[in-house]
1. Run E320 past the list (1) out of contact with any helix residue (DSSP H, G or I) (no Cβ under 9 Å at 6 or more places or on another chain); (2) of a type outside the set (S, T, N, Q); (3) farther than 24 Å from P226 by Cα and report the number of the one that doesn't hold.
2. Of the residues S27, S36, S45, which is of a type in the set (G, A, S) and either at pLDDT below 85 or farther than 26 Å from S214 by Cβ (or both)?
3. State which residue is modelled with the lowest pLDDT when the search covers only the range 310-327 and only residues that are crowded, with 17+ Cβ neighbours inside 10 Å and more than 14 Å from S38 (Cα to Cα).
4. Quick one: in the range 341-373, which of the residues that are out of contact with any Phe, Trp or Tyr (no Cβ under 7 Å at 6 or more places or on another chain) and assigned to a helix (DSSP H, G or I) is modelled with the lowest pLDDT?
5. Can you list the helices (runs of 4 or more DSSP H) found entirely within the range 15-95 that contain at least 1 residues being without any contact (Cβ under 8 Å) to a residue 12 or more places away in the chain?
6. Show me the helices (runs of 4 or more DSSP H) found entirely inside the range 109-226 where at least 1 residues are surrounded by 12 or more Cβ atoms within 10 Å (Cβ to Cβ), modelled with pLDDT of 65 or more and of a type in the set (S, T, N, Q).
7. With (1) surrounded by 24 or more Cβ atoms within 10 Å (Cβ to Cβ); (2) of a type in the set (A, V, I, L, M); (3) within 23 Å of A189 (Cβ to Cβ) as the list, and A330 as the residue in question, which single condition is left unmet?
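The values are calculated or read from the model by the stated rules, or taken from the named source; none is laboratory data. Owing to the predicted nature of the structure, the values given are computational and were not obtained by experimental measurement. No Cβ is skipped: glycine too gets one built from the backbone with ideal geometry, and neighbour counts run over all protein chains shown.
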Amino acid sequence: MDLELGKSFKSPKKDSWKSTLLLAYQSLGVVYGDLSISPLYVFKSTFAEDITHSETNEEIFGVLSFVFWTLTLVPLLKYVFIVLRADDNGEGGTFALYSSICRHANVCLLPNRQVADEEVSTYKLEAPPEKNNGSWVKIWLEKHKKLHTALLVVVMLGTCMVIGDGVLTPAISDAVVPITCFIIICLFALQHFGTHQVGFLFAPVVLAWLLCISALGIYNIVHWNPHVYQALSPYYMLRFLKKTKKGGWMSLGGILLCITGSEAMFADLGHFSYAAIQIAFTTVVYPALILAYMGQAAYLSRHHKIYTSYQIGFYASVPESVRWAVLMVAILASVVGSQAIISGTFSIINQSQSLGCFPRVKVVHTSDKIHGQIYIPEINWMLMILCVAVAVGFRNTKHMGNASGLVFSQCLLK
């Protein structure tokens, strides 16, 4: 059932610029925490042990080119300009997309909804489209019954993968098991305050981190290699693969880590708005990430000897005088990075129970303005128990990272 904490939702109206900018600021602490900390490990994970650095810097420039185009094509083009527009009455996520498809094409295999369900969900029935306006895709889907089952299975798998990511992401935040468990418990204990309060609490941390990596990126570009921008050309991707051969292909899995957390942009859509998420990503998150990766590449391009795992990591490019300060901000940002998937899991569970695919649970609305900002106590504590169990069971961030990478790659395919 849904509980609104005595609040009555205001009639829907177009958000003012002030409220949109406020939501964009809050989204930094909820949606982009996981995505913003990717510069910590991408270069270190991408370079396999058998890939060395040559004087031509083709390996470094090739990885930077891959990272730039991956960030541009997936979060920026795919999510910001395409996927975020495919909402279902303001809600995002796999089930919201499936719900929208079912209202425009006769492909739904779920039981008919009851009148009571309609009163406690954000789902709104729309008039069916006229038959003469059906596209060939709609006709093709309705004609092949096996595709109905395949579509539902893909939706279920995609949803399970996102929830699985919600279990693994908080558990991978720290290498020391007792500290990790303490952080996990504190993180989930804060969830009952709601997205509005959590966003205000976490947004300054993520904003400080993004400004930090932007400043470091600019410093490294100017100080080490001002011509690193040339690596943004796709030509260097081809040179990288041609020169590194099998080792280069095997290392591409590390590049995928630069977009971890991107799925939260769509899953958390109901907590914010399309405009807020778009503004935050295009004006703050995307430029900061590009500058951070360019700065790391600029530093490595002037230090192209064989490195240890530490020397190829993020902190090697941080000046010694500010290294400890950057480390503190990075630790805080890593903790906040788990919030995106937790909020997305609440939205997904709420949508799935509205469609009859999940047992009824209590849904607490934590905002009287944004209907999608919700908290589900049972799911929150179940996630916390599973996260602690994963942290204790794996006891190794490398193993958790491999599992998380596998789950995330499946999320992108949903």
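1. That leaves (3) as the condition not met.
2. Values: S27 fails: either at pLDDT below 85 or farther than 26 Å from S214 by Cβ (or both); S36 fails: either at pLDDT below 85 or farther than 26 Å from S214 by Cβ (or both).
Matching residue, one of S27, S36, S45: S45.
3. First, pick out the residues of the range 310-327 that are crowded, with 17+ Cβ neighbours inside 10 Å: 312-314, 316-318, 326.
From the residues that got through so far, the ones that are more than 14 Å from S38 (Cα to Cα) too are 312, 316-318, 326.
On the way: I312: 70, A316: 87, S317: 90, V318: 92, V326: 93.
Residue satisfying both the conditions and the ranking: I312.
4. Checked the range 341-373; the qualifying residue modelled with the lowest pLDDT is I341.
5. Numbers: elements: 17-30, 33-36, 42-46, 58-71.
Here the list reads 17-30.
6. On the way: elements: 115-119, 136-143, 145-171, 177-189, 194-224.
The qualifying helices (runs of 4 or more DSSP H) are 145-171, 177-189, 194-224.
7. (1)
Conditions (1) in contact with a Ser or Thr (Cβ under 7 Å, 6 or more places away or on another chain); (2) more than 21 Å from L207 (Cβ to Cβ); (3) at pLDDT 90 or above, marked per residue:
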{"site": "Y229", "(1), (2), (3)": "no, yes, yes"}
{"site": "G248", "(1), (2), (3)": "no, yes, no"}
{"site": "G254", "(1), (2), (3)": "yes, yes, no"}
{"site": "G270", "(1), (2), (3)": "yes, yes, no"}
{"site": "S273", "(1), (2), (3)": "yes, no, no"}
{"site": "T283", "(1), (2), (3)": "no, no, yes"}
